[in-house]
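The structure under discussion appears below in the form of structure tokens.
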Amino acid sequence: MSTDYLEVRGLRAAYGNIQVLHGIDFTVSKGQIAVILGANGAGKTTTLRALCAMVTVEGSIRLAGEELAGQRTADIVRRGVAHVPQGRGTFPELSVEENLLAGGFVRTDGQVRADIERFYGTFPVLGERRSQAAGSLSGGEQQMLAIARALMLRPSLLLLDEPSLGLAPMVTRALFDQLSIINAEMGTTMLVVEQNAGLALGVADQAYVLESGEVALSGPAHELAADDNVRRAYLGY
Ligand code: ATP
């Protein structure tokens, strides 16, 4: 039996008559971090949107053996998939704490308060600003809040779209360190889309490079990071 938690086969996606994904295959093992790299317009964001039924898809998307393709976004969320879209993911008028409470709204396990305190520990600035409107946080703080809010769902699969977008290098590094810690402590499987290949490969187990809607390259993240030809040809660093 395969240990693949997310198994995507022949995934195609289109906006109207513009085909963006041309039948991609990838897998993410349970408890691992996979990263999708690639140039602008390669189809990375569309891949995450396809997993959440936010774009019309063909092909198979199996999560823990169950087919997600054809299900509605709300049902996919109920299966434990949380999506942090690019540069968004918070309610700007609500306070930091209200955002976290909203993230845990569907939970009935009585651990919501404990998880909020946990994320104040992970991201201390969120604790300090718990009463402040999310929209008035800095970009980096909002990104931390968006991730913490998604984690309040206690997802089994976290989809992150360019968490480093607009962040200073030091903040980005700290954020990736926290993702690594959360992955280790909570066992959350993660699929991360990133432009910052060097950093993402440092925390990921598996990597996929998308090129014009196809998987151009894949392998263990440390192997891709160590291959000079790959780095020059695909990763630009
Ligand atoms: P980036 O790194 O720039 O965010 P990406 O790899 O995430 O790029 P996508 O956002 O998935 O790329 O876009 C892939 C292609 O699909 C692009 O050519 C884009 O113009 C097109 N596209 C994306 N969203 C739409 C849409 N709503 N309608 C039409 N075309 C779209």
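Out of curiosity, is GLN142 more than 21 Å from ARG231 (Cα to Cα), among the polar types (S, T, N, Q) and either assigned to a loop (DSSP other than H, G, I, E, B) or in the same structural domain as GLU98 (by TED's automatic domain parsing) (or both)? Break it down stepwise before answering.
Numbers: more than 21 Å from ARG231 (Cα to Cα): yes; among the polar types (S, T, N, Q): yes; either assigned to a loop (DSSP other than H, G, I, E, B) or in the same structural domain as GLU98 (by TED's automatic domain parsing) (or both): yes.
Yes.
Filter region 27-47 down to residues that are in a strand (DSSP E or B) and more than 7 Å from the ligand (Cβ to nearest atom), then give me how many there are.
Of region 27-47, the ones in a strand (DSSP E or B) are 27-29, 33-38.
Next, from what is left, pick out any that are more than 7 Å from the ligand (Cβ to nearest atom): 27-29, 33-37.
Within region 27-47, residues that are in a strand (DSSP E or B) and more than 7 Å from the ligand (Cβ to nearest atom) number 8.
Go through region 1-26 and count every residue that is polar (S, T, N, Q) and within 16 Å of the ligand (Cβ to nearest atom).
2
Could you run through region 12-39 and say how many residues are charged (D, E, K, R) and over 15 Å from the mean Cα position of the chain (by Cα)?
Just the residues of region 12-39 that are charged (D, E, K, R), to begin with: 12, 25, 30.
Then keep just the ones that are over 15 Å from the mean Cα position of the chain (by Cα); that gives 12, 25.
Of the residues in region 12-39, 2 are charged (D, E, K, R) and over 15 Å from the mean Cα position of the chain (by Cα).
Looking at (1) charged (D, E, K, R); (2) open to solvent by less than 30 Å² (accessible area, probe 1.4 Å); (3) touching a His at 6+ places or on another chain (Cβ under 9 Å), which is the only condition ARG49 fails?
Status for ARG49: all satisfied but (2).
Does ALA114 count as open to solvent by 10 Å² or more (accessible area, probe 1.4 Å) and assigned by TED's automatic domain parsing to the domain that holds ALA146?
Details: open to solvent by 10 Å² or more (accessible area, probe 1.4 Å): yes; assigned by TED's automatic domain parsing to the domain that holds ALA146: yes.
In short, yes.
Could you grab the pairs with beta carbons closer than 6 Å, sequence gap of 6+ or different chains, first residue in region 32-61 and closer than 11 Å to VAL209 by Cα, second one open to solvent by less than 10 Å² (accessible area, probe 1.4 Å) and part of a loop (DSSP other than H, G, I, E, B)?
VAL35/GLU194; GLY43/GLY213
Inspect all residues belonging to region 60-76 and state whether any of them is part of a helix (DSSP H, G or I), at pLDDT below 95, open to solvent by 80 Å² or more (accessible area, probe 1.4 Å) and not hydroxyl-bearing (Ser, Thr, Tyr).
Checked region 60-76: no residue is part of a helix (DSSP H, G or I), at pLDDT below 95, open to solvent by 80 Å² or more (accessible area, probe 1.4 Å) and not hydroxyl-bearing (Ser, Thr, Tyr).
Residues in region 90-121 that are under 20 Å from the mean Cα position of the chain (by Cα), of a type in the set (Asp, Glu) and over 16 Å from PRO155 (Cβ atoms): how many?
Residues flagged as under 20 Å from the mean Cα position of the chain (by Cα), of a type in the set (Asp, Glu) and over 16 Å from PRO155 (Cβ atoms) within region 90-121 amount to 0.
Quick one: how many residues across region 87-111 are within 16 Å of the ligand (Cβ to nearest atom) and open to solvent by 70 Å² or more (accessible area, probe 1.4 Å)?
Residues flagged as within 16 Å of the ligand (Cβ to nearest atom) and open to solvent by 70 Å² or more (accessible area, probe 1.4 Å) within region 87-111 amount to 1.
Among LEU151, LEU224, LEU157, LEU191, which is of a type outside the set (Gly, Ala, Ser) and farther than 30 Å from ASP109 by Cα?
LEU224
The values are calculated or read from the model by the stated rules, or taken from the named source; none is laboratory data. The structure displayed is predicted, hence computed values, not measured ones. Here Cβ is always computed from backbone atoms with ideal geometry, including for glycine, and neighbour counts include all displayed protein chains. The accessibility values were calculated without ligands, DNA or RNA, using every heavy atom of the protein model including side chains. Shrake-Rupley method; radii C 1.70, N 1.55, O 1.52, S 1.80 Å.
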